[in-house]
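The values are calculated or read from the model by the stated rules, or taken from the named source; none is laboratory data. Note that the structure is predicted; figures quoted are calculated from it, not measured. Here the Cβ positions follow ideal geometry from the backbone for every residue, glycine too, while neighbour counts run over all protein chains shown. These area figures cover heavy atoms from the full protein model, side chains too; ligands, DNA and RNA do not enter into them. Shrake-Rupley method; radii C 1.70, N 1.55, O 1.52, S 1.80 Å.
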Amino acid sequence: MILDKIEKLLEEVKGLTASNAEEIEAMRLKYLSKKGEINALMADFRNVPAEQKKEVGIKINELKQTALERINSLREQFETAEAQDDDLDLTRTAYPIELGTRHPLTIVKNEIINIFSRMGFTLADGPEVEDDLHVFTKMNFAADHPARDMQDTFFVESNPDDVTKNILLRSHTSSVQARVMETTQPPIRIICPGRVYRNEAITARAHCFFHQIEGLYIDKNVSFTDLKQVLLTFARELFGPDTKIRLRPSYFPFTEPSAEMDISCHICGGKGCGFCKHTGWVEILGCGMVDPNVLELCGIDSKVYSGYAFGLGVERITNLTYQVSDLRMFSENDVRFLREFESAN
């Protein structure tokens, strides 16, 4: 009986096949583990008559050796095939793989950078996690000045004894201007693109983070006229040669005088429509002459040098360009929305 059982298992072992590593491991457990078929035969071996022990023992050893060789052979075949198909990722997207496109904010940001680059501005970059010294203090924000509430942000570390040592997420890219001014002597002509953060409720018109591009020009005898001409050139390059601009008085701690800039509505041509609230004008940025206090705080002699600065939101310009009704759509990553900009790439 035991010899018949051995012969039957021997035939099974010789015909073993597997399609993956899990099946090979299951075979090993079935035949070679402590609770496997071959070990069970060894337990029955004690009941074999003495005259058959030699024959049965040889057959059991043959079965064990055949099982080992067959399972090892299958394992080697599988590992070889796996190595040859190493670049096959069964989880990847099926062919054909669709090509992605640039994000609408990236399209507009690059266009703005290109316009100012052609006017001689160079790119400057800085950290998003900043200290209060560069975000607020060197931008002429007094420690207890109410203007800080205009740009309430997210704090990483707070130091009640010295607010300049607070660590926070930058609320504007003016911190990059401060870092450039304290390490570079004029003339300075830079633009500072980047992501900024504000502690605001998320709505269709506002978000807790957005993208800015700020500009700074410092040299001898820089005037407000220079600023106006640069912004007019920018507006006409971006929105069309018939675009008009107007500057309205405003307030920023880091510029004096300060202004908000509007452009003539490019949808109605300035006649008035729902998009411009029937005024014919749309606000796009803030600007002004750099406050002498800012120059002095950053180590630049305000009696020798003057300058202008401006800042605009990339989302605002993108909304004007593509008439996107909800600011949140830019960060929701809905591919149906993003596909609408394929032709713009």
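Structural remarks
- Evaluated over region 103-189, the Cα radius of gyration and Dmax, each in Å: 15.2, 45
- Sparse-neighbour loop sites [trypsin sites (Lys or Arg not before Pro); region 167-236; at most 14 other C-beta within 10 Å; DSSP]: 205, 220
- Normalised per residue, the accessible area of region 257-345 is 47 Å², obtained with a 1.4 Å probe and no contribution from ligands, DNA or RNA.
- Hydrodynamic radius by Kirkwood, which averages 1/r over all alpha carbon pairs of region 27-133, in angstrom: 21.8 Å
- Rolling a 1.4 angstrom probe over region 29-75 with all protein chains present gives an accessible area of which 50% lies on carbon and sulfur atoms.
- For region 96-137, diffusion coefficient by Stokes-Einstein and Kirkwood Rh (Cα), 20 °C, 1.002 mPa s, µm²/s: 158 µm²/s
- Accessible area expressed per residue, region 1-159, with surrounding protein chains retained (probe 1.4 Å, Å²): 66 Å²
- More than 24 Å apart - percent of Cα-Cα pairs taken over region 154-273: 44 percent
- Range of Cα positions in region 212-290 per principal axis (Å), largest first: 41, 25, 22
- At most 16 other Cβ within 10 Å, DSSP loop - chymotrypsin sites (Phe, Trp or Tyr not before Pro), region 267-337: 275
- Cysteines of the chain lacking any other cysteine Cβ under 4.7 Å from their own Cβ: 192, 208, 287, 298.
- Read-out Cα Rg over 2.2 N^0.38 Å, derived from the coordinates shown; its label in (1) 1.80; (2) 1.00; (3) 1.07: (1)
- 4 °C / 1.567 mPa s Stokes-Einstein diffusion coefficient of region 238-345, Kirkwood radius on C-alpha pairs, µm²/s: 79 µm²/s
- The chain: relative contact order in percent, alpha carbon pairs under 8 Å with at least 6 residues between: 15 percent
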